[in-house]
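Enquirer: Pasting a structure below so you can have a look.
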Amino acid sequence: MSDAGPGSTFLQAGGVRLHYNDIGAGSPVLCLHGGGPGASGWSNFSQNVPALSAKYRLLLVDMPQFGRSEKVVIQEGRLTYVARVLKDFLDRLGIAKAHMIGNSMGAQTAFKFAMDYPDRIDRLVAMGNGAVTQTVFTPRPTEGVKLIQGFYKGAGPTREKLRRLIETLVYDSSFLTDALLEQRFAAANDPETVALWAKNPPPNEDIMHLLGKVECRTLLIWGLEDRFAPIEGGLAQLKRLKDARLHVFAQCGHWAQVERAREFERLVLDFLAGGLC
């Protein structure tokens, strides 16, 4: 098995060559990674695959510009663009409706998908996302976002920059192994990726004022010590979303699916099966 993970395959969707992992059977669950350097579907969710794929068909997608997917230049709002690509992705797989699990930028993308294609999404799990951009107690941009913004600037990508960034993602830095660092750095330092992010970073898109349009049942998951998306943003989303509930893990950062993997899996499986109503 390569570092691409099991079920590795490609599909042309929305004019983009997408890489994804297709694992398990049952109702489809689309898993969307975050926007940090070197991120991919497999790198974000590999540790959760055994538990989740035992019940569902997991589609771990490398979003455009990430992982093994095509490094296209995005000129419109990134969330709108990727949501449209994912809609075509589901069309081409013959999937009428899917659950979605999104981490950080992946969660914001799932929100935009739910706004634009409400009949194509069932339940939504959103972890540590920064969809609320105005906070009272936390300066913006946050510590973690600043590190992402500076990763490709100056001297460009370095292992030290990436180590500092990943240490910010987690509450317990023991989750940062040398193997993880090397895997993420190799992906982040790919020449095509470096050129893309240095010259044509995707335009940001603020959807905070649109959250009331999300109709699907939503589970918000947060680490109390998240240094990318503060918990106060989660509380604001809980107020804006029409059908949401919020679960908070103490002593946990931006990667709840890693730092609280087994609890996260039980929580998600219960929610997708109709629990937490």
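Enquirer: Taking the alpha-carbon distance from Lys199 and a cut-off under 23 Å, which lysines remain once sequence neighbours fewer than 8 residues away in the same chain are dropped?
Expert: Lys71, Lys146, Lys153, Lys161
Enquirer: May I ask you to list the lysines whose Cα is less than 18 Å away from that of Lys112, ignoring any residue fewer than eight positions away on the same chain?
Expert: Lys87, Lys97, Lys213, Lys239, Lys242
Enquirer: How do 233-239, 149-155, 79-85 rank on mean C-beta neighbours within 10 Å, highest first?
Expert: Sorting 233-239, 149-155, 79-85 by mean packing, highest first, produces 79-85, 233-239, 149-155.
Enquirer: Compute the orientation-averaged projected area for the stretch 1-137 from the convex hull of its Cα atoms and round it to one decimal in nm². Intermediate results must be reported in sequence, preceding the final value.
Expert: Numbers: hull surface 34.8 nm².
Quarter of the Cα hull surface area: 8.7 nm².
Enquirer: Under a GNM of the chain (C-alpha, springs under 10 Å), which listed residue has the highest mean-square fluctuation: Arg164, Arg227, Arg240?
Expert: Comparing Arg164, Arg227, Arg240 in a Gaussian network model of the chain, the most mobile one is Arg164.
Enquirer: Of the DSSP beta bridges with both residues in the stretch 7-112, give the percent that are antiparallel, rounding to the nearest 5.
Expert: Working: 11 of 20 bridges.
Antiparallel bridges: around 55 percent, rounded to the nearest 5.
Enquirer: Can you bin the stretch 225-277 into rounded, prolate or oblate? Criterion: square roots of the alpha carbon gyration tensor eigenvalues sorted a ≥ b ≥ c, rounded for a/c under 1.5, prolate for a/b above b/c, oblate for the rest.
Expert: Oblate is the answer for the stretch 225-277, as a/c is 1.5 or above yet b/c matches or exceeds a/b.
Enquirer: Please give the length that would be gained between Ala261 and Ala186 if that part of the chain were fully extended, namely 0.36 nm times their separation in residues minus their C-alpha to C-alpha distance (nm, one decimal). Numbers along the way, then the final one.
Expert: Numbers: separation 75, 0.36 × 75 = 27.00 nm, distance 2.47 nm.
Net length gain for the segment: 24.5 nm.
Enquirer: Turning to a different aspect of this structure: Given a 1.4 angstrom probe, what's the average accessible area per residue across the stretch 214-265, in square angstrom? All intermediate terms of the calculation are to be shown ahead of the outcome.
Expert: Details: 2030 Å² over 52 residues.
Per residue, the stretch 214-265 has 39 Å² of solvent-accessible surface.
Enquirer: Further question on the same structure: Please report how far the C-alpha centroid of the stretch 106-123 lies from that of the stretch 58-74, rounded to the nearest whole angstrom.
Expert: Result: 17 Å between the Cα centres.
Enquirer: If you take every DSSP beta bridge fully contained in the chain, what fraction is antiparallel? Give it as a percent rounded to 5. The partial results should precede the final answer.
Expert: On the way: 11 of 35 bridges.
Restricted to the chain, the bridges split so that about 30 percent are antiparallel.
Enquirer: Quickly estimate the mean residue ellipticity at 222 nm for the chain, helices only: each DSSP H run with n ≥ 4 gives -39500 (n - 2.57), and the total goes over all residues, rounded to 500. Walk me through the numbers on the way to the answer.
Expert: Working: 11 runs with 103 residues, N = 277.
Value at 222 nm, helices only: -10500 deg cm²/dmol.
Enquirer: Could I ask something else about it? Could you sort Val73, Val29 by their accessible area in this structure, using a 1.4 Å probe and putting the largest first? The partial results should precede the final answer.
Expert: Details: Val73 75, Val29 0 Å².
Listed by decreasing accessible area, they come as Val73, Val29.
The values are calculated or read from the model by the stated rules, or taken from the named source; none is laboratory data. The structure displayed is predicted, hence computed values, not measured ones. Every residue, glycine as well, gets a Cβ built from its backbone with ideal geometry; the counts of neighbours run over all protein chains shown. The area values use the complete protein model at the heavy-atom level, side chains included, leaving out ligands, DNA and RNA. Shrake-Rupley method; radii C 1.70, N 1.55, O 1.52, S 1.80 Å.
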